[in-house]
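Worksheet for the structure shown next.
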Amino acid sequence: MTLPTELIAKLEIECPEICERLQHLQLKVIAVGQPLPVDSLLREHLLHGVGRRLSVIRRSLLNIFSLFPPNTNKPLSDDVIADVQINLHAFVMNLYGLFDNWAWAFVLHHGLESAIVNKQGIGLFAKATQAFLPERLKTYVTARRMVDWHKEYAKSFRDALAHRIPPYLPPAEFTPEDGIRYNALESEKVGCIKGQEWDRLEQIYADQAQIGRPCFSFLHAFTEDEPPRLILLHPQLICDAMSVVEFGELFLQHWNQVAKHS
């Protein structure tokens, strides 16, 4: 497949814009965390948790757009696909962890560890923590779109990366004719290896690299309980980054407030 021209143009504008906003958010976090005592756990979650993750998210996004521009029209090489996946894995893991760092920062800021008791209850999507969130933050994380985003996407892909099948990018998309041609060349490889026909084998790899079109979607498993769900790579990462900035800015505006808990 190829992405629509209008979408490509939109993505090429949005990527640098959202990366700049991520950097500005990181600077705001540093301004809040830097004055705190060096041995403060709150400082650590802000600077070395939130701050580092924002940096990795921003660089991963830029790297993916550089390695795999939205206007790509040929399948990526194996090495480039591996590099895209390395950055995708960093993006997914830090995206998920970022919201936990925000939660810990809030809990530590208000001394709520004993009130929540169980550390598993510390999380923006955990009811034990939500009970103390100011209304604006609670409304944001309990909105249906955020609950679904966390459960069906962020947590699903993070858990798959950590415990099951890591998110990956299919090497190419084939028409039925492309598939027949690709498989025929694949079968020929065995004979070339047995006959030590290295020049022909190299040509086969080169020919295969020209077959099909780039796949702009990613997934993490074909054989789990539900059918595989392909997600458009570039638009999803932009949306994720926008959510990070939107929530981060809201958090810094309201994290000094705490809801009364009976």
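The values are calculated or read from the model by the stated rules, or taken from the named source; none is laboratory data. Since the structure is predicted, the reported quantities are computational estimates derived from the model, not experimental observations. Here Cβ is always computed from backbone atoms with ideal geometry, including for glycine, and neighbour counts include all displayed protein chains. Surface areas here come from the heavy atoms of the whole protein model, side chains and all, with no ligands, DNA or RNA. Shrake-Rupley method; radii C 1.70, N 1.55, O 1.52, S 1.80 Å.
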Cβ charges +1 (Lys, Arg) and -1 (Asp, Glu), total dipole of the chain, debye: 1140
Degrees, to the nearest 10: 233-254 long Cα axis against longest axis of the chain: 10
Aspartates and glutamates with Cα under 19 Å of residue 194, excluding same-chain neighbours fewer than 8 positions away: 186, 202
Prolate/oblate/rounded label for region 1-107 (Cα gyration tensor, a/c 1.5): prolate
Anisotropy class of region 94-234 from Cα gyration tensor, a/c 1.5 cut: prolate
Listed residues 114, 243 arranged by accessible area, highest first, probe 1.4 Å: 114, 243
1.4 Å probe accessible area per residue over the chain, in Å²: 54
Sorted peptide list for 94-101, 2-9, criterion being average Cβ within 10 angstrom, highest first: 94-101, 2-9
For semi-axes √(5λ) of the Cα gyration tensor in Å, calculated from these coordinates, the label among (i) 28, 23, 21; (ii) 28, 23, 17; (iii) 43, 19, 17: (iii)
Cβ-placed point charges (K, R +1; D, E -1), dipole of region 38-112 about Cα centre in debye, nearest 20: 220
